[in-house]
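Novice: Take a look at this one; I'll ask things after.
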Amino acid sequence: MGDRGGLAAAPGGGRVLDDRELRLVAVMPLHAVTSVYGEEGLRARFAAETARLDAAGRAAPGRALDLAGRLHAADRRQREPYVNHLLRVAVRIMCHYGVADPEVICAAVLHDAVEDHAGALAPGGRRETAVAVLAADFGQRVADLGDAVTNPARVPGVGRHEQYRRHLEASLEGNPWARVIKVSDFTDNGVGLIHTTGPWVVELAGKYAPLVPVLSGVIARPDTPLAPEVKARILGQLRDARKRFEAIAADSPAPD
């Protein structure tokens, strides 16, 4: 790889990292990559991780990222592009969970595609049609994994946080690989919530706190396809998350 001087355009609209930066990005923690190099750094880390796949498995995750980048191009998460979240979810399962299955990686990248942009995927924006589009492009397994972690339509009379918890319990029960994607998604959303600011933090903590026992239970199951040391690490992160949610709740103002 030649020295490009860090001046060329990158897919996220920024610059391509130079060789020294690429070496650093390949070993930095994901939060540090995000903080220092932003989307370009996360894209470089994604490319480095997918380069470890066999030749037959490298193309699909790149296509999935291209699609996710287009679908979420205008989306933001506070101060960052939404695609950063998708990149971290996918990179985490590769570099921290030891996942080398291209279909699972594609599903991680596309896990919010149907929920957030069904209309861009399929005319009329129907969920089942959008899922079918992903199945045609990436295979039924990818579509099914994404569908398993997609929020269902609202049910009248049921609180949305309670509905979300029930949906996860049901969808993750018989879908071990969906558990892997969801816990990475939760790690990015829930475990890092203490770094989030704004009036919605307490509400988000209320949404995520009931999911800790759900995810802890399914991750610990023998059929969850992760190594014992990976499970132990995730379970430790979930314990830390519970403490953070408790701290957020304790620091919130009392209701009038």
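Novice: Sort out which residues of region 25-46 are in a helix (DSSP H, G or I) and surrounded by fewer than 18 Cβ atoms within 10 Å (Cβ to Cβ), and write them in order of number.
Specialist: If we filter region 25-46 for residues that are in a helix (DSSP H, G or I), which is where we start, we get 25, 30-46.
Within region 25-46, His31, Ala32, Ser35, Val36, Gly38 meet the criteria.
Novice: In addition: Out of curiosity, is Leu110 closer than 16 Å to Ser184 by Cα and at pLDDT 95 or above?
Specialist: yes
Novice: Looking at region 146-165, which of its residues are loosely packed, with under 14 Cβ neighbours inside 10 Å and either outside any helix (DSSP H, G or I) or under 20 Å from the mean Cα position of the chain (by Cα) (or both)? Reasoning before the result, please.
Specialist: Looking only at region 146-165, we keep the residues that are loosely packed, with under 14 Cβ neighbours inside 10 Å, and these are 153-160, 162.
Scanning region 146-165 gives Ala153, Arg154, Val155, Pro156, Gly157, Val158, Gly159.
Novice: Tell me whether region 180-188 contains one or more residues that are among the small types (Gly, Ala, Ser), assigned by TED's automatic domain parsing to the domain that holds Arg63 and on the phi < 0 side of the Ramachandran plot.
Specialist: Step one: of region 180-188, the residues among the small types (Gly, Ala, Ser) are 184.
The next check asks that each one be assigned by TED's automatic domain parsing to the domain that holds Arg63; those that pass are none.
Scanning region 180-188, I find no residue that is among the small types (Gly, Ala, Ser), assigned by TED's automatic domain parsing to the domain that holds Arg63 and on the phi < 0 side of the Ramachandran plot, so the answer is no.
Novice: Still on this structure, please answer the following. Can you run down the residue pairs with Cβ atoms below 6 Å, 6 or more apart or on separate chains, where the first is in region 119-144 and in the same structural domain as Arg70 (by TED's automatic domain parsing) and the partner is part of a helix (DSSP H, G or I) and among the hydroxyl-bearing types (Ser, Thr, Tyr)?
Specialist: Ala122/Thr129
Novice: Kindly provide the set of residues from region 166-175 that are surrounded by 16 or more Cβ atoms within 10 Å (Cβ to Cβ) and farther than 22 Å from Leu204 by Cβ, ordered by number.
Specialist: The answer is Asn175, and nothing else.
Novice: Sticking with this structure for a sec: Run down Ala68, Ala32 and say which single residue is of a type in the set (Gly, Ala, Ser) and within 16 Å of Asp185 (Cα to Cα).
Specialist: On the way: Ala32 fails: within 16 Å of Asp185 (Cα to Cα).
Exactly one residue qualifies, and that residue is Ala68.
Novice: Still on this structure: Restricting attention to region 197-256, which residues are in a loop (DSSP other than H, G, I, E, B), modelled with pLDDT under 95 and under 21 Å from the mean Cα position of the chain (by Cα)?
Specialist: The first filter runs over region 197-256 and keeps only residues in a loop (DSSP other than H, G, I, E, B), leaving 197-200, 209-210, 220-227, 252-256.
Going one step further and asking which of them are modelled with pLDDT under 95, we end up with 197-200, 209-210, 252-256.
Result: Thr197, Trp200, Ala209, Pro210.
Novice: Pick from His96, His72, His111, His161: which is assigned by TED's automatic domain parsing to the domain that holds Leu172 and in contact (Cβ under 8 Å) with a residue 24 or more places away in the chain? Talk me through it step by step, then tell me what you get.
Specialist: On the way: His96 fails: assigned by TED's automatic domain parsing to the domain that holds Leu172; His72 fails: assigned by TED's automatic domain parsing to the domain that holds Leu172; His111 fails: assigned by TED's automatic domain parsing to the domain that holds Leu172.
After ruling out the rest, the residue left standing is His161.
Novice: Further question on the same structure: Is it true that Val99 is buried (at least 21 other Cβ atoms within 10 Å of the Cβ), aliphatic (A, V, I, L, M) and assigned to a loop (DSSP other than H, G, I, E, B)? Spell out the reasoning first.
Specialist: Details: buried (at least 21 other Cβ atoms within 10 Å of the Cβ): yes; aliphatic (A, V, I, L, M): yes; assigned to a loop (DSSP other than H, G, I, E, B): yes.
Answer is yes for this residue.
Novice: Restricting to region 47-56, count the residues that are acidic (Asp, Glu) and assigned to a loop (DSSP other than H, G, I, E, B).
Specialist: Result for region 47-56: 1.
Novice: Sticking with this structure for a sec: Please specify each residue of region 70-96 satisfying the condition of being buried (at least 17 other Cβ atoms within 10 Å of the Cβ) and in a strand (DSSP E or B).
Specialist: The answer is Pro81, and nothing else.
The values are calculated or read from the model by the stated rules, or taken from the named source; none is laboratory data. Quick caveat: nothing in here was measured; it's all calculated off a predicted structure. Ideal geometry is used to build each Cβ from the backbone, glycine not excepted, and the neighbour counts take in all protein chains shown.
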